[in-house]
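Quick notes on the structure that follows.
Computed from the coordinates by the stated procedures, all read-outs in this text should not be read as laboratory data. For clarity, every value in this text was computed on a predicted model and none was experimentally measured. Here the Cβ positions follow ideal geometry from the backbone for every residue, glycine too, while neighbour counts run over all protein chains shown.
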Amino acid sequence: MSSTTATSSVNHQFLRCVVQVFALLCLCVLWPGAAWGTRQPEDGEPQTASEGEILLERWQPEAALHWVEQRLAREPLQPAWRFVQGQALFELGRYADALATFESLLKVAPHPRIQAYRDFVANTVQGIATLRPIETAHFRIWLDPEKDAALVPYVGDVLEQSYQRLGEIFHFTPPGKLRVEIFPSTATFYPASSLSARDIEVSGAIGICKFNKIMLLSPRNLARGYRWTDALSHEYIHYIVVQLSHNHAPIWLHEGIAKYFESAWRLPQIAWLDRRSESLLAHALKHNSFVGFANMDPSLVKLETTYHVQLAYAEAASAIDFIVQQRRNEGLVQVLQALRQSQDGSAAAAVAQIMGLSFEAFQEHWRQFLLAKQLQEHEGVHLPRFELKNEGQMPTDDVQRELQSGTARIHARLGDRLRQSGRASAAGLEYRRALGSDPTSPYLLNKLAAALMAQGAWHQALPHLQRAQQLSSDDVATYTNLGRLYVALQEYAQARAAFTEALQINPFDPAIHLHLAESYRQLGEEDKANQEQQLFDTLQRTP
């Protein structure tokens, strides 16, 4: 994923299991009609006792809490109502109240599954212990102000820009402040998000929209960072899709919309079709090797390989492109609104209603739409890597990791030794030889550019960095080197643009803030220059 996500739907199978447990414990039928006894619904009361669950599935915890409190007023000891109450409190971010509710519930229903949910809430409470809120107009963002100080100046702006831009696209904005939690470590992120190290490193699942909130792993935990700004916007789009569809959208539609629009907050034009996506789709068309919409359930995170995950994203986003090209953004919103009436989340009826095509015909027209694009497989396209930092372990050999060619590795290592000894010109020759064996390596292009920059050959270095950017738009080293080059050339507006891109991938590099402070200062933006200087000083002190 330029950025990535896991499925945004809440797993309410657990709630259903709990309700069944309660039913067995109390030897009575929960629904329909008589809940924990033989009482009949009063006039005007919903006929199904699962309405609270339905509201939770729609991510309407306030309505669910109101619903359940009305029932608890009449039946204060009703375990099933108290479970819905606890879950609604949790999804409203009232964690202490939710924990107290589940602990009280355990006294009357001491079942292992109830204990597991109580422990989940407790783990979440523990995981956010160091987080502090940042309030913006439309978001309540929780993060660790010490460990993730580098995110503080930017995170609110990213979300507010997403709020405005996506509000224009989808004609929807949340009625209240949406909760966002940024976890400082994998140890706190895994228990709260239900994701794992495998999900991150294979699928790139560094964020998730679940439990009526956005959760994100700080980019500080990844060896190269990641496009965390787009990841935030991506997860916010999932929230919008849930609200517009009442959480009935299938995974392909969810992930396709999020992927398609994830960079809309920062770019004037939709730019989902990058070199990687185009190459993946072209290859799948040529070999008829699509993942397929049905195979994306229950989550892209669980697909077998990174290749399949990235292909699935490309397929899903291209399907959204087809819908938008045929019916514009308004048609896509209409599909989501039509899904409110769907019970199975298949989207077939909604697509047929808005697109005027059966789902089989929709898929065939989509393939023809792709064929008409004449997509090409590009040389030098690499799958993204989401490598977690391994604290306390020996650093990974970059040359071994980045280069497949043994010949390129030999020349790259020799170039590194020459450069470290101050022989930048000789190092440049070795990097050029390495590029002869691996000409599409952004890693080697950055090495060569750095050697040229060390000799003051700024203009000679520039084309190599521009080529590296073309090959990989999310390589933080490329943007950092571009920024340094533009500072040297006194082209400070371009330096600012390059360093701003770098911040969107890895804002924890002190050098980025130092050079950005200089760029702002030269452009007369003293307030921003002071902010970046302070961040540089803070990061220099942070272990």
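In sequence order, region 404-416 has phi-based couplings of 8, 7, x, 5, 4, 5, 4, 5, 5, 5, 5, x, 4 Hz under the Karplus curve 6.51 cos²θ - 1.76 cosθ + 1.60, θ = phi - 60°, and Gly or Pro positions carry x. The radius of gyration of the Cα set in region 128-247, together with its Dmax, comes out at 13.7, 38 angstrom. Look at R276, R58 and count the other Cβ atoms within 10 Å of each Cβ; fewest to most, that gives R58, R276.
Once the Cβ-Cβ distance of Q534 and S425 is raised to the sixth power relative to R0 = 35 Å, the FRET efficiency obtained is 0.35. Restricting region 310-397 to GluC sites (Glu not before Pro) that sit in a DSSP loop and have at most 15 other Cβ atoms within 10 Å of their own Cβ leaves E377, E379, E387, E391. A dipole drawn for the chain from +1 and -1 charges on Cβ atoms has a positive end, and of A517, Q376, P463 the residue lying farthest that way is P463. Over the C-alpha trace of region 98-197, radius of gyration and Dmax come out as 16.8, 49 angstrom.
Rounded to the nearest 0.05, the FRET efficiency derived from the C-beta distance between D274 and S196 at R0 = 22 Å is 0.20.
Put simply, the chain fits an ellipsoid with semi-axes of 46, 28, 21 Å; these come from the alpha carbon gyration tensor as the roots of five times its eigenvalues, largest first.
Note on D474, D230: ascending count of other Cβ atoms within 10 Å places them as D474, D230, the fewest first. Can you give the calculated 222 nm mean residue ellipticity of the chain, where each DSSP H run of n ≥ 4 adds -39,500 (n - 2.57) and the sum is split over every residue, rounded to the nearest 500 deg cm²/dmol? It lands at -19000 deg cm²/dmol. Our note on the geometry: Cα centres of region 108-135 and region 256-276, 35 Å apart. Taking each residue as 0.36 nm, the span from Q368 to V108 lengthens on full extension beyond its C-alpha to C-alpha distance by 87.7 nm. Remark: spin-label model distance R74-T407 equals 8.1 nm, labels positioned 7 Å along the Cα→Cβ axis.
Within region 126-236, what percent of beta bridges assigned by DSSP are antiparallel, to the nearest 5? The answer is about 45 percent antiparallel.
Taking the longest Cα principal axis of the chain as reference, the axis of helix 510-522 is set at about 70 degrees. If you plug the beta carbon distance of K286 and R385 into 1/(1 + (r/R0)^6) with R0 = 22 Å, you get a FRET efficiency near 0.30.
Any chance you could check the Cα centroid distance between region 529-543 and region 389-461 for me, in angstrom? Cα centres, region 529-543 to region 389-461: 29 Å. Rg and Dmax, both from the Cα atoms of region 418-487 and both in Å, are 11.1, 32. When DSSP beta bridges are restricted to pairs lying wholly in the chain, around 50% turn out antiparallel. Remark: the Cα gyration tensor places region 281-416 in the prolate category, a/c being 1.5 or greater and a/b exceeding b/c.
When the P(r) is computed for region 266-324, the part past 16 Å accounts for 44% of the Cα-Cα pairs. Spatially, region 330-357 and region 465-518 are offset by 43 Å when compared through their Cα centroids.
Under 19 Å of direct C-alpha separation, and excluding same-chain neighbours fewer than eight residues apart, K147 reaches these lysines: K389. The angle between the Cα long axis of helix 526-541 and the longest principal axis of the Cα atoms of the chain comes to about 90 degrees, rounded to the nearest 10. For a test of the definition: using alpha carbon positions, the gyration tensor, and the 1.5 limit on a/c, classify region 73-129 as rounded, prolate or oblate. Oblate is the answer for region 73-129, as a/c is 1.5 or above yet b/c matches or exceeds a/b. Sorting K213, K528, K107 from the fewest to the most surrounding beta carbons within 10 angstrom yields K107, K528, K213.
Within the shell defined by Cβ-Cβ distances under 15 Å, the residues around E526 carry a net charge of -1, with Lys and Arg each +1 and Asp and Glu each -1. Can you tell me the orientation of helix 442-454 relative to the chain, as the angle in degrees between its alpha-carbon axis and the longest Cα principal axis, to the nearest 10? Approximately 40 degrees, to the nearest ten.
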